[in-house]
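The numbers here are math on the coordinates, done by the rules we state, and not lab data. Just so it is clear, the structure is predicted and the values come from calculations on it, not from any experiment. Cβ: placed from backbone, ideal geometry, glycine included. Neighbour counts: every protein chain shown.
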Amino acid sequence: MKKLLFFLSTIFILAGGQSAGALTIDLWSQFPNYQGENGLYAYGYSPETNTYRSIAKKPDANHTFLTPEQPFENPMIVKVNQPWIYMHPSSMPQCGTEYGTEDVNLAFLSPYNNLYNLTGSFWLKIDNLYPDSGYIQSYIKKNDTLLFSSYLNPGDVVNYNLTNIFLNYNDYLYFGVSSAGPDYSDWGHLQGRISTVQTPEPGTIMLLVSLASGLFGFAGLRKRLIK
């Protein structure tokens, strides 16, 4: 009986909420030009207060989000040469005059109850003027749950491949970069894809439910007959 309940609950979770079609988002080609385009958002994140803040779009530039009220305009997130998205957090005391230390996040808002696969890379570009500066922590979170984290030295590239991540409708994924020290040139970069894992159509789901109920019912009858 417990196995039947688990099977049915799994099916109904996947079937619930908004109906999910095939969805693939390439973070570079579908990087937003305004907040929320393609389900993507540019945020600053304060670890101290655990709060997110929308980063302003630069009025005279496409695909550019920054913080003009702070020196160096960090945190900043910009679509640069394919396939990379440039992500610079705010860490230096003289940078965070308005908001304090902040990570930079590219966020995705799930339109479905569905399973997702996440593939891609983080890269820390070397600043030739300050080659010994710039150290970052990259991470991916589902709401407040950490799914992936990696420390990067200048020049490092780290890949991620996360499969079958279940998101409810309106859950968030956060692709984040934080500074690993109060230094210059935290030139973090991100590239990747978000894609849904195909789930059965409603008719198929009902068929599976009927088959499962029949099989478990038959098993129970057989058990009683054997006794």
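General remarks:
- Environment charge at PHE31 (Cβ cut-off 14 Å; Lys +1, Arg +1, Asp -1, Glu -1): +2
- Inverse of mean 1/r across different Cα pairs in segment 22-198, Kirkwood, Å: 16.1
- Neighbour net charge for ASN62 - beta-carbon separation under 15 angstrom, K R +1, D E -1: +1
- Cα-centred dipole magnitude for segment 22-198, charges only on beta-carbon of K, R (+1) and D, E (-1), debye, nearest 20: 520
- Counting neighbouring beta carbons within 10 Å and listing from fewest to most, the residues THR49, THR64 come out as THR49, THR64.
- Projecting the Cα positions of GLN35, VAL104, ASN153 onto the charge dipole of segment 22-198 (unit charges on Cβ atoms of Lys, Arg, Asp and Glu, taken about the Cα centre) puts GLN35 furthest along the positive direction.
- Counting other Cβ atoms within 10 Å as a rough exposure proxy, the listed residues TYR174, TYR116 run TYR174, TYR116 from fewest neighbours to most.
- Arranged from fewest to most other beta-carbon atoms within 10 Å of their beta carbon, ASP132, ASP103 become ASP132, ASP103.
- Computed E for TYR130/SER150 - FRET, C-beta separation, R0 35 angstrom, nearest 0.05: 0.95
- All aspartates and glutamates inside 15 Å of LYS141 as judged from Cα atoms, apart from same-chain residues fewer than 8 positions distant: ASP103, ASP171
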